[in-house]
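Working notes for the structure below.
The values are calculated or read from the model by the stated rules, or taken from the named source; none is laboratory data. In this text, all values refer to a predicted model and were calculated from it rather than measured experimentally. Methodologically, a virtual Cβ is constructed for each residue, glycine included, from the backbone with ideal geometry; neighbour enumeration extends over all protein chains shown.
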Amino acid sequence: MYSGIYPGSFDPVTYGHIDIIKRAAAVMDHLIVAVLKNNGKTPLFSVDERVNMLKEVTKDLKNVEIMSFSGLLVNFAKEHGVKVIVRGLRAVTDFEYELLMSQTNRVMDPDIDTIFFTTDLEYAYLSSSIVREIASYGGDISKFVPECIQKQIKDKLSK
Ligand code: PNS
């Protein structure tokens, strides 16, 4: 079985992430979307909220499983018998960080490889932090996240 792990913070999930999830799931038997618990940043959404949002937006994708992880990604991958990490590349500015992560992960576990999906042009500019910022100023985020996520962002920011 050909499996992959798509890791990230997903704070919150955007149309850009959903595009990568759909495309990766289309070429793999099984895709684990792995939400990082402890990345040092203070997230807007708890890990459980982020997992639930991802479950909601991927409910029609039968080969996609949503999980959370803490610690090293390579250890999580090994525990689940997965050797392929999936990441999205938006622009050249992502490249340096992604190259470093991919190479570091391979030094830690030479069995692991990272494959990259180039983001659809429609979402090339999009990031969770931009969505959080626009929403925090009351801006319209309907082009960036699905309706169910918009509602949860508004509820969270109104608290
Ligand atoms: O969505 P993000 O925040 O760009 O995702 C970053 C993520 C979660 C993929 C990365 O921070 C990660 O894998 N963290 C787990 C800790 C780890 O394994 N670090 C070594 C990678 S260099």
>> Return the residues of the range 78-113 that are closer than 20 Å to Ser127 by Cα, touching a residue at least 12 places away in the same chain (Cβ under 8 Å) and among the acidic types (Asp, Glu); say none if nothing qualifies.
In response: Glu98
>> Looking at the structure I just gave you, is Val51 within 9 Å of the ligand (Cβ to nearest atom), surrounded by 15 or more Cβ atoms within 10 Å (Cβ to Cβ) and farther than 21 Å from Asp120 by Cβ?
In response: no
>> Of everything in the range 112-159, what is among the basic types (Lys, Arg), at pLDDT 95 or above and in a loop (DSSP other than H, G, I, E, B)? Give them in sequence order.
In response: Lys143
